[in-house]
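Here's the structure, in structure tokens; my notes come after.
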Amino acid sequence: MPTPPLSRRDFLSSSAALLGAATLARASLFAASETPALEPIIDIHQHIPYSKRTAEQMMAHQAAMGISLTILLPAGSRLGLAAGVNPYPETQAFAEKYPDRFRWFANEVTDQPDAIEVIRRQLKAGAIGIGEQKFDVACDSAATERIAALAAEFDVPVLMHFQQGSYNHDIKRFHRILEKFPTVNFIGHAQTFWGNISQNYDEKVLYPKGPVTAGGITDRLLSDYPNMYGDLSAGSGLQAFLRDEDHARAFFARHQDKLLYGSDCSDPVGHGPACSGYQQIASVRRFAPDKKAERKLLFDNARRVLKLKNLG
């Protein structure tokens with residue numbers, strides 16, 4: 001018996017169902033390609049708010065990247081950090097509202113007279129580190145030494161933004177701080193830190209391109225000092241590895257115990273080419289020598305350095 005022709009209503013209903021199924025299939029494929037694997041990731045570098053992104057958008061951004069725990073870094077009281085980042089009271093309050101998803105660092109302008117007193121209060125209130133220190137001082141200044149001494153007292157790390165001409169100047173002298181405070185873990189970040197993976201780096205160029213000549217200041221600091229670590233975040237971190245893939249693979253293998261994943265990106269989406277944090281997760285998975293090293297970079301090193309318990 002021949003199949004009766006479909007009525008217009010039946011045809012439209014059937015077509016809509018097929019279209020819906022196809023749409024769901026495409027959505028599933030997109031989700032599979034864009035969503036990171038369900039393995040824990042610690043992001044050691046985010047801010048609220050950030051540029052025009054709200055705290056709520058940041059939460060969605062972190063979820064899209066597959067982040068398990070995020071470390072929020074506040075500004076100092078004079079807003080030495082750019083992009084409208086909140087001072088510590090707002091950062092602390094937000095982190096305490098979602099304790100299963102966020103922790104926070106203490107911070108204050110490095111050479112402000114009451115900086116030590118202000119940071120001490122924050123550490124006593126539950127901050128698990130100091131930073132990001134992004135202020136106009138020499139990286140081995142007396143004020144920096146006072147911050148380091150406080151970090152030693154509380155046994156917490158210090159995250160530093162190195163940008164010659166603007167923040168924590170003269171990284172070539174930072175070994176003095178590392179030697180004077182061997183029990184304090186310092187986490188380096190930003191343009192001058194990552195540019196100096198190359199031996200021939202011109203510090204006037206914030207985002208260098210092209211092949212890397214191994215043996216730069218950053219490479220030596222990570223190799224020679226047990227208390228020096230690297231924060232992979234931002235465009236500076238991403239560019240440092242995408243510029244020379246062969247060097248990236250060797251660098252990740254050599255320093256797999258010293259590098260910590262951070263995002264420090266202000267986009268609202270958390271995936272695709274607009275998000276440097278998402279791209280850096282992909283680069284870690286691409287350049288890490290093996291799965292064990294990948295997990296160190298994305299989770300284990302941060303858990304160890306930040307003394308995070310009951311995770312993973």
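The values are calculated or read from the model by the stated rules, or taken from the named source; none is laboratory data. Just so it is clear, the model here is predicted, and its values are computed rather than measured. All Cβ positions, even for glycine, are placed from backbone atoms using ideal geometry, and neighbour counts span all protein chains on display.
The table below gives the values:
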item: Considering residues of region 77-96 that are assigned to a helix (DSSP H, G or I) and over 19 Å from the mean Cα position of the chain (by Cα) only, the residue modelled with the highest pLDDT; result: Glu96
item: In region 121-137, the residues that are surrounded by fewer than 16 Cβ atoms within 10 Å (Cβ to Cβ) and touching a helix residue (DSSP H, G or I) at 6+ places or on another chain (Cβ under 8 Å); result: Ala125, Gly126
item: Members of region 97-152 found to be aliphatic (A, V, I, L, M), free of Cβ contacts under 8 Å to residues at least 40 places away in the same chain and in a loop (DSSP other than H, G, I, E, B), listed by number; result: Val109, Ala125, Ala127, Val137
item: Among the residues listed as Tyr201, Tyr229, the single one being aromatic (Phe, Trp, Tyr) and assigned to a strand (DSSP E or B); result: Tyr229
item: Verdict on Arg220 being under 19 Å from Lys296 (Cα atoms) and not in a loop (DSSP other than H, G, I, E, B); result: no
item: Selection within region 177-198 - part of a loop (DSSP other than H, G, I, E, B) and in contact with a Ser or Thr (Cβ under 6 Å, 6 or more places away or on another chain); result: Ala190, Asn196, Ile197, Ser198
